[in-house]
Amino acid sequence: MGSRLAIEVRGVRIAYGTADVLHGVTLEVPAGGFLAVVGPNGSGKSTLLRAVARALKPRAGAVLLDGRDVGSWDSREFAREVAVVPQHGEPAFDYTARELVAMGRTPYERRFTPDAGGREAVEGAMRRVGVWELRDRPASTLSGGERQLVRLARALAQQPEVLLLDEPTNHLDIRHQVTFMEVLKGLNRGGVTVLMVVHDLNLAARYADRVIVMREGEISAAGPPSAALNPAVVRAVFGAEVEVSVSPRTGALNVQTVGVPDPGAGGEPRVHLVCGGGSGAALMRRLYEEGIPFSAGVVNAGDTDHALARALGAPVVEGAPYSPVSDEAHAANVAAAERAELVAVCDMPVGPGNLRNLQAALEALDAGVPVVLLRDGPHHGEKRDYTGGAATELARRLKSGGARVVESADGVVRLLAPDRGAGREPAARRTS
Amino acid sequence: MRSSRPGIWAFWIGASLAALAGVSVLALGTGPSWLPPGEVVRALLGGGEGPSAAIVNDIRLPRIALGALVGCALGISGAAMQGVFRNPMADPYIIGISPGAALGAVVAVASGVSVSVLGLSAISLAAFAGALLAALTVMTLARRGSLFPVADLLLVGIAVGAFASAVYSLLALTLADSRIAAVFYWLLGSLSAADWDRVLATLPYLAVVAAVLLSMARQLDVFALGEEEAGYLGIRVERMKLIVVGAASLGAAAAVAVSGVIGFVGLIVPHLARLVVGPRHALLLPVSGIWGATLLVAADAVARSALAYSEIPVGIITALCGAPFFLYLLKRTRKRGL
């Protein structure tokens, strides 16, 4: 591998029949760059890739590789520099994995001279991708993921400077997807220029150093992932709400679709949740799925349970961030709890700030509202007592007053709608 | 499990040639007077005397040789057509070659021309011309700019074939009964007119066709990935289609000219060979050729000797055995999910 090659696309227009599919696309992938092209179906991203791969001729404009129009390259010479991993396509006949990978050597083979280094290149490519063990297996016996890895190995056997990939990880399970992308990233670090058309915005965000967002044959945003994939762009182009965040663990950019939920099933809340710090998330989601209206309190603004209850359209008794529960909020909380058919105390850490929430549950129990203690977390209530025993004492009083312990969100649902529960968990049991 | 060791290639070619030799010796012994293999070999080596040597070398050998050449041409052309069309159901006649050849033959019979060139009868020459004309017509009509879309080749092939069939059927209606018999016999495929002139006339075509197709073996492998992907691997797809379809058509036309329409050899042999030796064309093409030769020599021996009082056109034998066997293969491969 010698000099690194850059791709330039200059004002390319491509027509199928009479209608243009690409309306003058201009972009550049610097040598050693990693560009991801995203966009909804029919936005022209695969067409763009095929134009770069010289499978389609532009009606206007030009695609340059290393400064030369791709159409003017000799086809074998081009295939030694540029490898394409297409989206699908099964071989018509049942070649073995190694035979398929060896086809990547075609641009190096001459009719009467052996391809020096061909065998090593094939073996090296297969080992790198992790399919060497599959070498003698006919393709028909390989899984879809394995076949895609074989396709990648074939592209590697071409020893290209540039890799073009068309939705390469479609239909791959997570393990094959990770293998595939890690190999690709490794190649890119080694200097191979990558242009990848991809559906999954997360893959684009995580692996590419530049992202292009296409819409209706035009580029509608371009730049580093966090800039190009901002929620406003994604909403405008894909018509979907997303949340873009940075993973606190890996530093990777996460693009998460936010299904726009119908806010609440409406009606009076039947369950009041005493929760906080994410402890109510599973139950809220489950209640939302079953269409059972609920309320929550007291949850501080900024708490994840607060945000989730709001997103799901549930009424929330709100507290001020980082402050103990006020008298006013406590009163509202008790009122909400007493209006419900059931109070569910979630598996939350209890400190001096939210101890009053347990008291609210106790008051509701005394007023005749059944209370359940949800024990679905890795810790159980008693072990998350940061009040020097006050919380444990309250929990004991709740239980002795008739509160049941329930092992899962599903158990709570079953109490309210006996025919709806999904799990096999034993129903709530009375403890004393 | 298939292996890619080079020894495998030599093994299959060697074994296939040995089988062809064995079948040929038996076929040379087969006929109105049975000659044991030892006597056949002696006659071939010039050691025999009297009637045996004459029967073997002058009467039966040209016919065996012609059968081998025709079978070989059909086998190789079939394997190449299946490769380029990416379809194991393709055969060497797929682009209208057999109706084209038939039309040529009927025209020759109807016009009563009796020229002969290099020992080839007017029927052979006209059939050859008809076959090539049909192939050229199909390739011209199916062409879109510099592209030869496979679907268009198949559809145009069907249409041109149907047109040629209609024309020769119409012409055949105008023929006298005696002439119809000649046409009919030719349409069923037969090696009964074999002689050295035909062998020598066919040989150069087969040599050229085999050499061209074998040189495309590697490209044909890559072609199995699909045209677009083959292009990504540096193959000049349209040029290659033109060369392979052209060469395979020439091979089929040469075969059909001297033997009439012998079906199923070019369809079944490559199919069977692929199941046994795998899809790699460097091995598949020669093996298909040799097995095609072996099959046709054997089928012709049966055709010559099955009925005491007359000969059966060999095309009937190949179809009789070939069609059920083909159905069996089809069922089997379906079951394996290929």
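Observations
- Taking 0.36 nm per residue of separation and subtracting the Cα-Cα distance, full extension of the segment from A:Asp136 to A:Glu28 would add 34.9 nm.
- Spin-label model distance (nm) - B:Asp58 vs B:Val113, 7 Å beyond Cα toward Cβ: 3.3
- Over the stretch A:35-158, all Cα pairs binned in 5 Å intervals from 0 give whole-percent P(r) values of 2, 10, 18, 18, 18, 16, 12, 5, 1, 0, listed from short to long.
- Low-density loop cleavage sites - trypsin sites (Lys or Arg not before Pro) in the stretch A:186-269, where at most 13 other Cβ are within 10 Å (DSSP): A:Arg249
- With the gyration tensor restricted to C-alpha atoms of chain B, the semi-axes of the equivalent ellipsoid amount to 31, 27, 17 Å, longest first.
- Amide H within-cut-off set for A:Leu22, under 5 Å, with H built and near neighbours excluded: A:Ile14
- Counted by neighbouring Cβ atoms within 10 Å, the residues B:His271, A:His23, B:His281 run from fewest to most as A:His23, B:His271, B:His281.
- Loop trypsin sites (Lys or Arg not before Pro), the stretch B:214-259, which have at most 16 other Cβ atoms in a 10 Å radius of their Cβ (DSSP): B:Arg236
- Cβ-Cβ distance of B:Leu330 and A:Glu90, R₀ of 25 Å, FRET efficiency by 1/(1 + (r/R0)^6): the value works out to about 0.85.
- P(r) weight above 19 Å for the stretch A:271-416, C-alpha pairs, percent: 44
- Using a Förster distance of 45 Å, the FRET efficiency for A:Ala335-A:Arg235 (Cβ separation, nearest 0.05): 0.70
- Ranking of A:Met284, A:Met196 by count of other Cβ atoms within 10 Å, fewest first: A:Met284, A:Met196
- Amide H to amide H distances under 5 Å link A:Val405 with A:Leu373, A:Arg429, A:Thr431, where only residues 5 or more positions off or on other chains count and H is placed in the peptide plane.
- Translational D in µm²/s for the stretch B:260-318 (Stokes-Einstein at 4 °C, 1.567 mPa s, Kirkwood Rh from C-alpha pairs): 106
- The stretch B:1-153: mean projected area of Cα convex hull, nm²: 14.6
- For chain B, averaging the sequence separation of C-alpha pairs within contact (under 8 Å, six or more residues apart) and dividing by the residue count gives a relative contact order of 29 percent.
- Beta bridge orientation in the protein assembly as shown: antiparallel %, DSSP, nearest 5: 45
- Sorted largest first, the spans of the alpha carbon positions of chain A along the three principal axes are 93, 46, 39 Å.
- Dimensions of the stretch B:206-334 along the principal axes, based on C-alpha atoms and rounded to the nearest Å, stand at 59, 34, 18, largest first.
- A cut-off of 5 Å between modelled amide H atoms, ignoring neighbours fewer than 5 places along the same chain, links A:Val343 with A:His272, A:Val371, A:Val372.
- Considering only B:Leu272, B:Val156, B:Gly67, the residue lying farthest towards the positive end of the dipole of the protein assembly as shown is B:Gly67, judged by Cα position with unit charges set on Cβ.
- Gain on full stretching of the segment that runs from B:Val276 to B:Leu170 - 0.36 nm per residue minus C-alpha separation: 33.8 nm
- By the beta-carbon count within 10 Å of each Cβ, the least crowded to most crowded order of B:Tyr93, A:Tyr108, A:Tyr386, A:Tyr95, fewest first, is A:Tyr386, A:Tyr108, A:Tyr95, B:Tyr93.
- Pairwise FRET efficiency - B:Leu200 versus A:Arg127, Cβ, R0 = 60 Å, nearest 0.05: 0.65
- Cleavage-rule hits (chymotrypsin sites (Phe, Trp or Tyr not before Pro)) in the stretch B:251-338: DSSP loop, at most 11 neighbouring Cβ within 10 angstrom: B:Tyr309
- Taking N as its residue count, the alpha carbon Rg of the protein assembly as shown over 2.2 N^0.38 Å: 1.39
- The modelled label-to-label distance for the pair A:Asp115/B:Phe11, using points 7 Å beyond Cα in the direction of Cβ, is 2.4 nm.
- Unit Cα scatterers, Debye sum, the stretch A:7-257: log10 I(q)/I(0) for q = 0.07, 0.08 Å⁻¹: -0.24, -0.31
- Net length available on complete extension from A:His171 to A:Asp66 is 34.5 nm, with 0.36 nm assigned per residue and the Cα-Cα distance removed.
- Spin-label model distance (nm) - B:Leu320 vs A:Gln256, 7 Å beyond Cα toward Cβ: 7.5
Any read-out appearing in this document is the output of simple, stated calculations on the displayed coordinates, not a laboratory observation. Source: prediction; values computed, not measured. As a convention, Cβ positions derive from the backbone with ideal geometry for all residues, glycine included, and neighbour counts pool all protein chains shown.
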